[in-house]
1. Can you flag which of 209/235; 12/215; 47/247 are past 19 Å Cα-Cα?
2. Per the Kirkwood treatment, what hydrodynamic radius in Å, one decimal, follows for segment 171-247 from the mean inverse distance over all distinct Cα pairs?
3. With a point put 7 Å past each Cα toward its Cβ, work out how far residue 194 is from residue 214 in nm, to one decimal.
4. Among the aspartates and glutamates, which have Cα under 15 Å from the Cα of residue 113 when same-chain residues fewer than 8 positions away are ignored?
5. Going highest first, how would you order 32-44, 93-105, 128-140, 213-225 by mean Cβ packing within 10 Å?
6. Please sort 19-25, 120-126, 67-73 by packing, taking for each peptide the average over its residues of neighbouring beta carbons within 10 angstrom, highest first.
7. Starting from 0.36 nm per residue, how many nanometres of slack lie between residue 207 and residue 273 once their C-alpha separation is accounted for?
8. Report the full-extension gain for the segment residue 225 to residue 81: residue separation times 0.36 nm, less the Cα-Cα distance, to one decimal in nm.
Amino acid sequence: MTMGSWGFYAHKMINRAAVFTLPADMASFYKQHIDYISDHAVDPDKKRYADPEEAHKHFIDLDRYGESPLDSLPERWTNAIRRYPEDTLKANGTVPWQIYSSYWNLVDAFKSKNSLRILKTSTALGHYIADAHSPLHTTQNYNGGLSDQEGIHAFWESRLPELYAKGYSFFVGGAQYIDKPLQRAWQIVGHTYSLVDSVLLIEAQLNRKFAQNRKYVFERRNKLIIRTYSKTYSKAYHKALNGMVEKQMRASVILIGSFWYTAWVDAGQPNLQQLSGTAFIPDSSAHPLHTQSRPTGVSGGAPHQRLHHYAPKPYKKPFRLYSHGTMLWDDHRHAFHPDNYPHPLSARHEPGYSFS
Ligand SMILES: [Zn+2]
């Protein structure tokens, strides 16, 4: 099943903080482009609108593989597809293998000495590593639907960071070389998975103590009224989680820095002061609607300044997105068309609640 991921806010914050873990030889290049690395941190989520092959890269439902999934799942993709049909593996999510493949993409990007490639692959790798640290990215009960806790996905990874991450510390020390990147990716999801029970049980306990009208509030966002978890309820959940969100964000930061560093070392430590394409033109994915569109024509201007015209491409495959504890739309009931929404991740009121 597909799912959202750390909100825009958390992803951007995590990628940005990871830059500060890098050794001097890498730091000046990454700091020079820190806005790109932060602003594009959610590109892989946007890509899911246009690319059906994207969604499975963001999660792995480990509980679909029995009692001890890490024992039954082969570490390597080539062995995994011998044991399970490829479409089953993809349906259950592929994030650890994706981290490994993005790491190799980054090694190649460093070898190419092309700054835009390095930035794009670093940014995407950061996204997948952060997703692998979010507990509800490792379970089929990814949004609490199996335990009557719908909305918990974005509650944990968007609402809480947006309310509290400003107070977190992202001083996590320097990036470390990772000997076995694939094994490390599996360790990450294994640990993240061990947190799933707490994420769900703590919220379930809290839910029993709160009346519904204290649990939820209605907020106006982008001209729409959405239902979200109240600050009182959020505070109580955050407190009961005992630092878990901060720990997972911090772990994401150091791991992202370490994977970037490892890829750079494994590419032979290229000099990042001497790259081609440093003055790159920002790519079209800077605009959220462009990622779900395909170019239909090219206007005039110098070749390097050509503007693409985009026509919205309605999304065909079912998928889900969440924002602030509210389901943006239900893939079984609502067809998504980008024309209808100013921003693909903008909140949309829940069916059944109308305030206009
Ligand atoms: Zn994601």
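1. Listed pairs above 19 Å: 12/215; 47/247.
2. Over segment 171-247, the inverse of the mean reciprocal pair distance is 15.5 Å.
3. 3.4 nm
4. Output for residue 113: 25, 266.
5. Output ranking for 32-44, 93-105, 128-140, 213-225: 128-140, 93-105, 32-44, 213-225.
6. Going by the mean number of other Cβ atoms within 10 Å, highest first, we get 120-126, 19-25, 67-73.
7. Full-extension gain reported as 18.4 nm.
8. Fully extending the segment from residue 225 to residue 81 adds 47.4 nm.
No lab work stands behind these numbers, since they all come straight from the coordinates. In this text, all values refer to a predicted model and were calculated from it rather than measured experimentally. Using ideal geometry, Cβ is built from the backbone for each residue, glycine included, and neighbour counts are taken over all protein chains shown.
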